[in-house]
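Encoded as structure tokens, the structure appears first; notes follow it.
The values are calculated or read from the model by the stated rules, or taken from the named source; none is laboratory data. Quantities reported herein were computed from a predicted structural model and do not represent experimental measurements. Methodologically, a virtual Cβ is constructed for each residue, glycine included, from the backbone with ideal geometry; neighbour enumeration extends over all protein chains shown. Just so you know, the surface numbers come from the protein's heavy atoms only, side chains and all, with ligands and any DNA or RNA stripped out. Shrake-Rupley method; radii C 1.70, N 1.55, O 1.52, S 1.80 Å.
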Amino acid sequence: MHRIANALALALYSLALRLATPLLMRKLRRRARTEPGYAVAVPERLGHYAPWLDSLSPPSQGQDQPHWIWIHAVSLGETRAAAILLNELRALLPGMRLLLTHGTATGRAEGAKLLQPGDVQVWQPWDTPGAVGRFVRRFRPAIGILMETEIWPNLVAVCRAHQVPLVLANARLNEKSLAGAHRLRWLSRPAYAGLSAVWAQTEQDAARLRDVGAPVAGVFGNLKFDAQPSPGQQAQGRAWRAVSARPVVLLASSREGEEAMWLEVVKPKQPLAPVNQALSAINTEAKISTAPAMPVQWLIVPRHPQRFDEVQRLCQQAGLSVSCRSQWAGAPAPADVWLGDSLGEMALYYSLAHVALLGGSFAPLGGQNLIEAAACGCPVVLGPHTFNFAQAAALAVEAGAADRVADMAEGVAAAIALAQDPPRLQQRTRRCLDFTQAHRGAARATALAVQGQLRSAASGVHG
């Protein structure tokens, strides 16, 4: 009975996706207008690949030929976690061939930096039986490594049918996603159960994953603790911080709505001029404020690059001057707000800042990764919403690397107070570095587990 219900659920899901494909294509074209990366290699989404890829394929799947090690990293955060694992995999598997897939343009752009000669990067196929089947038959990977949360029913089913081991690495599952998986249990449970192995970040994640049928084979911690921030970016950030006239407070990886919350707390309050005052019309473009100077230098780095211009406009409309990273020459130009409108430079921004407010945690969005901030020695102030990184947030608070507050107003006050207290700030910076050092090791453990899966597959033992 369960098998029939599962098969029916998968069939209905597949039919819905096939019918939705024209709508997905239309959405992709609209997205490409603001993010041109989405217009690249669109047929790959349907499992159709350029002929030139044939020249990069292993000539056979024989014993002495390299097989594809396939890693799927949907977006930017997962791609950065994949990069950490990839370093260990290349050390353990000399000559490995990487097949790297993504779902977002930012993930694909970041992933391009990881490629070596002979590696291949394509889009993840949409989860229809046809697209996934063409992908698996075309590349025939030796193993598939899905990063963090990416479970797709047809992808799992097709890999299992073709005896491709499929694992979930750095795996996490929050309470909200668990509830969703239970609601769609006829579809989700076979997908989780069809994986060859799952390596969870925390014991809490492991318990939730087991609850939906996943074969949890280990709890290795979070790969992101093993990240080594760019020394060059850290040195540049610290040099700029040293010459800043005020302590620097960063609103890091901010999400839509959070900049407005922040502006409500920090924006200058401008008194209205008398109607008959002749000078009232002068300098309106400059939006000159009579409010006192800000106590800290604010730095904002929006999470998504398509929002850089929007955030700049929001600040300027509130009467704040803005200096954009893209226009800095030797050093940040003086302004009320520095805007980090670049990609791949979070280590620079965290090193430039004395304290960071964590984006995604003040709006109910689950928070962002705080580990990179701690690795750069930047204490973090967390809002109330950290369900996507609950364990890391709790550990950081316990270690003294982060503080939790109730809302943005409390967060701004806490960040400013810490930034203006050098002895306490120095102590918190030390705790940040100790915190990250204490939780390293997941990358090596995961790479060894991948190697074990490959040996099991080669000997004919399948999960």
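Shown for segment 191-246: the carbon plus sulfur share of the solvent-accessible area, taken with all protein chains present and a 1.4 angstrom probe, equals 51%.
What's the ranking of 445-452, 408-415 by average number of surrounding C-beta atoms within 10 Å, highest first?
Working: 445-452: 18.5, 408-415: 20.2.
Final packing ranking: 408-415, 445-452.
To put it simply, the accessible area of segment 84-160 at a 1.4 Å probe is 54 percent carbon and sulfur. Descending by average beta-carbon neighbour count within 10 Å, the peptides 384-397, 18-31 line up as 384-397, 18-31, the highest first.
Ignoring ligands, DNA and RNA, what percent of the accessible area of segment 324-370 is carbon or sulfur (1.4 Å)?
53
For every helix of n ≥ 4 consecutive DSSP H residues, a contribution of -39,500 (n - 2.57) applies; sum these over the chain, divide by its total residues, and give [θ] at 222 nm rounded to the nearest 500 deg cm²/dmol. Write down the numbers at each step before the final one.
Numbers: 17 runs with 203 residues, N = 463.
After summing the helix terms and dividing by residue count, I get -13500 deg cm²/dmol.
Quick one: which of 111-123, 202-214, 366-378 comes out on top by average Cβ neighbours within 10 Å, and what's the full order, highest first? Intermediate results must be reported in sequence, preceding the final value.
Values: 111-123: 15.7, 202-214: 18.8, 366-378: 25.2.
Going from most to least packed, we get 366-378, 202-214, 111-123.
Helix 231-242 axis versus longest C-alpha principal axis of the chain: approximately 10°, rounded to the nearest ten. Electrostatic tally near Leu433: other residues with Cβ closer than 13 Å to its Cβ, Lys and Arg +1, Asp and Glu -1, net +2.
Put simply, the chain fits an ellipsoid with semi-axes of 43, 25, 22 Å; these come from the alpha carbon gyration tensor as the roots of five times its eigenvalues, largest first.
Rounded, prolate or oblate, given the Cα gyration tensor of segment 175-217, with a/c below 1.5 counting as rounded?
On the way: a/c = 2.83, a/b = 1.21, b/c = 2.35.
Oblate, because a/c is 1.5 or more while a/b does not exceed b/c.
Accessible surface computed residue by residue for the chain, with neighbouring protein chains in place and a 1.4 Å probe, gives 45 Å² per residue.
For segment 1-48, how big is Rg over Rh, using alpha carbon atoms and the Kirkwood form of Rh? Write out the running numbers ahead of the final one.
Working: Rg = 15.1 Å, Rh = 12.6 Å.
Ratio of gyration radius to Kirkwood radius for segment 1-48: 1.20.
Taking amide H as placed 1.01 Å from N in the peptide plane, Gly344 has no amide H partner under 5 Å among residues 5 or more places away or on another chain.
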